[in-house]
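The structure appears below as structure tokens.
The values are calculated or read from the model by the stated rules, or taken from the named source; none is laboratory data. Quantities reported herein were computed from a predicted structural model and do not represent experimental measurements. In this analysis, Cβ positions are derived from the backbone assuming ideal geometry, glycine residues included, and neighbour counts consider all displayed protein chains. Ligands, DNA and RNA are stripped out before the accessible areas are found, and what is left, the full protein with its side chains, is counted by its heavy atoms. Shrake-Rupley method; radii C 1.70, N 1.55, O 1.52, S 1.80 Å.
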Amino acid sequence: MKSIILAAGKGTRMKSDLPKVLHEIMAKPLLGYVLDNVKNIADESFVIVGHQAEAVEKFVNQNYSNVKTVLQSPQLGTGHAVSMVCPHLVDFDGEVVILCGDSPLITEKTLRDFVQYHKSINSDITVMSTIVENPTNYGRIIRDIDNSLECIVEEKDASVEQKNIKEVNAGIYCLNWNKIKDAFSQLTTNNAQGEYYLTDIIEWGKLNKLSVNAFILANKEEVYGINSRANLAEATKMMNERKLNQLMVDGVTIVDPGSTWISEDTVIGSDTIIYPSTYIEGKNKIGKNCKIGPFAHLRGDVEIADNVKIGNFVEVKKSKINSNTNAGHLSYIGDSEIGSHVNIGAGTITANYNPLTKVKSKTILEDNVKIGSNAVLVAPVVIEEGANVGAGGVITKNVKSWALAITRAPLRVLENWVKKN
């Protein structure tokens, strides 16, 4: 199986210099969600690029090994976009799933069910549809007498009667490629937009006596498309609510779901408590019996073992924290490896970034280390097992096991200085 992902559009209503598919939900581009949900279904994927193609290609090439980008220039419609992949699939004999790059809520399970339905009824073309109360701006699903799919009519081409139909095109297709590939060289631009519509393969299939069907998706939220900043915010909210509900089913306590944000790619063990106003983005793994927040921020690539406390106003990024360690208050932990039974005092900072060389270095705290309040650990630095760092310390060199590191000046008390001056 192959997949084709449509990602060439500008997304005019986003009013952004950034391609629509690279706008993010919790630090992950929309396109990334779609690619992640097809990677276990398709052995190879093709992303159609156009607007700011280089930026989209860069994201794909840096993050995915089994995905190719294909340029669509000029952009003459969705049918034309898919035709760009035809030279890559000349000898391919199997199914092709086509998706939109701006639909991050679709799940792998739904895609598997969709493909299974397509195969179980020996369909040649299967379109995913859903029922919406307000179908404005959607392509309408027109069914034949035998309930098979007759055609899809776009909003601008629909009659008054057709506009009242509530079953709409969800923009996802499964094709028997060998039987359908010729359609893409025979599409026309006889429509209001003057473009090659992907939806016209339905009519082509019917004319060629192929089996054409529609699969109704029960949860219409999964095909929620993003065309504006308001849509992006709504999709973020829906994705977060879905994630929080699943975590609570799995035994995680979310004290206040209304103020808590957790990325889809975060795994959390049972009996962990997430306190209010916590924001967890990117890919993370949190163990059992942890306490996170309130007002904590995990920025991705964070691995936290069991029985760890990340307290209020603590920010963690690209770090591994082992069991029974506490970072209670007002601290920044970045690019770090922290052992077990470590205590990090309030206001501690791992200074991981050199602004001159633009290099980020690692801080390592071994087991049983204690860091006093308001310490700055200037990476690269290693605090060996059992060592203590005094409050206010600025640590620029490694500290040996069980040593005490102090950098503050001796305290001087000048009696009656205030009265004299």
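Structure data summary
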quantity	calculated
Test for residue 340: is it farther than 26 Å from residue 264 by Cβ and either open to solvent by 30 Å² or more (accessible area, probe 1.4 Å) or assigned to a loop (DSSP other than H, G, I, E, B) (or both)	yes
Inter-residue pairs, beta-carbon under 6 Å, first within 23 Å of residue 330 (Cβ to Cβ) and in segment 263-289, second of a type in the set (Ser, Thr, Tyr) and part of a strand (DSSP E or B), 6+ apart	273/253; 280/266; 284/266
Residue check, residue 75 part of a helix (DSSP H, G or I), out of contact with any Phe, Trp or Tyr (no Cβ under 8 Å at 6 or more places or on another chain) and open to solvent by 40 Å² or more (accessible area, probe 1.4 Å)	no
Some residue of segment 369-382 being of a type in the set (D, E, K, R) and either within 30 Å of residue 27 (Cα to Cα) or assigned to a loop (DSSP other than H, G, I, E, B) (or both)	no
Every residue from segment 1-26 that is open to solvent by 40 Å² or more (accessible area, probe 1.4 Å) and of a type in the set (Val, Ile, Thr)	12
Tally, over segment 274-329, of residues that are under 23 Å from the mean Cα position of the chain (by Cα) and either aromatic (Phe, Trp, Tyr) or not in a loop (DSSP other than H, G, I, E, B) (or both)	18
Matching residues, segment 169-206, being of a type in the set (Asp, Glu) and not in a helix (DSSP H, G or I)	195
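Conditions (1) surrounded by 14 or more Cβ atoms within 10 Å (Cβ to Cβ); (2) out of contact with any helix residue (DSSP H, G or I) (no Cβ under 9 Å at 6 or more places or on another chain); (3) touching a residue at least 40 places away in the same chain (Cβ under 8 Å); (4) not β-branched (Val, Ile, Thr), marked per residue:
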residue	(1), (2), (3), (4)
176	yes, no, yes, yes
179	yes, no, yes, yes
194	no, yes, no, yes
204	yes, no, no, yes
217	yes, no, yes, yes
234	yes, yes, no, yes
239	yes, no, yes, yes
